[in-house]
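Comments concern the structure below.
Rule-based calculations on the coordinates, nothing more; no lab input. Keep in mind that this is a model prediction, so the values were computed, not measured.
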Amino acid sequence: MEHTGSEPNVVITPYPDGPLLVRGAFLLRAPDGTPIEPGRSTIA
């Protein structure tokens, strides 16, 4: 599924008994709404 809107295009892959891998153009925010720089395009 290709996304063409203005929202981030993200793929979340769950692994059994493991992490969720998040890939794509995502925004990561602290509980107070402050942006957090993930430092890479894939995080777990």
Taking H placed 1.01 Å from N in the peptide plane, check which residues at least 5 places from Asn9 or on another chain put their amide H under 5 Å from its amide H.
-> Ala25
Non-local residues with an amide H under 5 Å from the amide H of Leu21, with H modelled 1.01 Å from N and Pro and chain starts lacking one, are Thr13, Tyr15
